[in-house]
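What follows draws every value from the coordinates through simple rules; no lab data is involved. Just so it is clear, the model here is predicted, and its values are computed rather than measured. Heads up, the Cβs are rebuilt from the backbone with ideal geometry, glycines too, and the neighbour counts pull from every protein chain shown.
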Ligand code: C5P
């Protein structure tokens, strides 16, 4: 069954509130820049102490030695999942995999906020699908546990790379919701039928009138 991962892109009080109110629910909590840079262990320990899996979304993107040190520190924090950009390169991924221990390392392919025009502007010359496929292939060859990608490219990855990797899909929007800064969004149903294992949802939950009810509705769809 696919899992829901809530992106805690919010302030500390709302994050605490959500974590406490959702105790016992089958959820992963994702800690990203906003909370991590301001609150570090306060937030990561809270997630772990309440019995949830910790998804540390720091999207490491650096030289091999620095990536290795970063993965090692994430291990000390008790992270269950950690993200890094596959575009850090083969050697950086190799170093990360060597040191990762039990952390599930997830490689970011192409951010869901980017589309064709952005890729051209950044000098990425391959077709979008080919670009994502190439990065995913490289990451899996080096032993990553999972791939972060849009649900739009996931069917191709499943077809070409099989089902042995964890597919993590952000950029999910419910019917009628604005995409905001995201561009390659999919619905919950689309993510599921594409073969997602972990569905990452932030603002759909955080900004809904009743976040707990929203989570329960999503869990019902996933069950
Ligand atoms: O609010 P929303 O649901 O758009 O949040 C998506 C979350 O997933 C954010 O925390 C963002 O950093 C993360 N993410 C993403 N696209 C990726 C990788 C991670 O949106 N490719």
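Quick check: is even one residue across the range 98-117 assigned to a helix (DSSP H, G or I) and within 15 Å of the ligand (Cβ to nearest atom)? I'd like the intermediate steps shown before the answer.
From the range 98-117, those assigned to a helix (DSSP H, G or I) are 98-99, 116-117; that's our starting set.
Still in the list and also within 15 Å of the ligand (Cβ to nearest atom): none.
Within the range 98-117, not a single residue is assigned to a helix (DSSP H, G or I) and within 15 Å of the ligand (Cβ to nearest atom).
Given the criteria away from the ligand (no atom under 15 Å from the Cβ), free of Cβ contacts under 8 Å to residues at least 60 places away in the same chain and not in a helix (DSSP H, G or I), does residue 163 qualify? Break it down stepwise before answering.
Working: away from the ligand (no atom under 15 Å from the Cβ): yes; free of Cβ contacts under 8 Å to residues at least 60 places away in the same chain: yes; not in a helix (DSSP H, G or I): yes.
Taking the combined requirement at face value, the residue satisfies it.
Scan the range 166-189 residue by residue and report those that are in a helix (DSSP H, G or I) and surrounded by fewer than 18 Cβ atoms within 10 Å (Cβ to Cβ).
Of the range 166-189, the ones in a helix (DSSP H, G or I) are 188-189.
Passing the criteria: only 189.
Taking the residues in the range 190-223 that are within 20 Å of residue 147 (Cβ to Cβ) and buried (at least 20 other Cβ atoms within 10 Å of the Cβ) as candidates, determine which candidate is farthest from the ligand (Cβ to nearest atom). Please lay out each step first, then the result.
Of the residues in the range 190-223, the ones within 20 Å of residue 147 (Cβ to Cβ) are 190-202, 222.
Keeping just the survivors that are buried (at least 20 other Cβ atoms within 10 Å of the Cβ) gives 191, 194, 196, 198-202.
Numbers: 191: 11, 194: 14, 196: 13, 198: 11, 199: 10, 200: 5, 201: 5, 202: 3 Å.
Across the range 190-223, the extreme among qualifying residues is 194.
Looking for something farther than 27 Å from residue 132 by Cβ and crowded, with 16+ Cβ neighbours inside 10 Å - is there at least one such residue anywhere in the range 52-59? If you could, list the steps in order and put the result at the bottom.
Taking the range 52-59 and keeping what is farther than 27 Å from residue 132 by Cβ, we get 52.
Applying the additional criterion that residues be crowded, with 16+ Cβ neighbours inside 10 Å yields 52.
Yes - at least one qualifying residue is present in the range 52-59.
Would you confirm, using the coordinates I've provided, whether residue 69 is without any contact (Cβ under 8 Å) to a residue 12 or more places away in the chain and either within 27 Å of residue 213 (Cβ to Cβ) or buried (at least 20 other Cβ atoms within 10 Å of the Cβ) (or both)? Full working, then the answer.
Numbers: without any contact (Cβ under 8 Å) to a residue 12 or more places away in the chain: yes; either within 27 Å of residue 213 (Cβ to Cβ) or buried (at least 20 other Cβ atoms within 10 Å of the Cβ) (or both): no.
No: the conditions fail for residue 69.
Hey, any hits in the range 127-141 for a residue that's in contact (Cβ under 8 Å) with a residue 24 or more places away in the chain, touching a helix residue (DSSP H, G or I) at 6+ places or on another chain (Cβ under 9 Å) and part of a loop (DSSP other than H, G, I, E, B)?
Within the range 127-141, none of the residues are in contact (Cβ under 8 Å) with a residue 24 or more places away in the chain, touching a helix residue (DSSP H, G or I) at 6+ places or on another chain (Cβ under 9 Å) and part of a loop (DSSP other than H, G, I, E, B).
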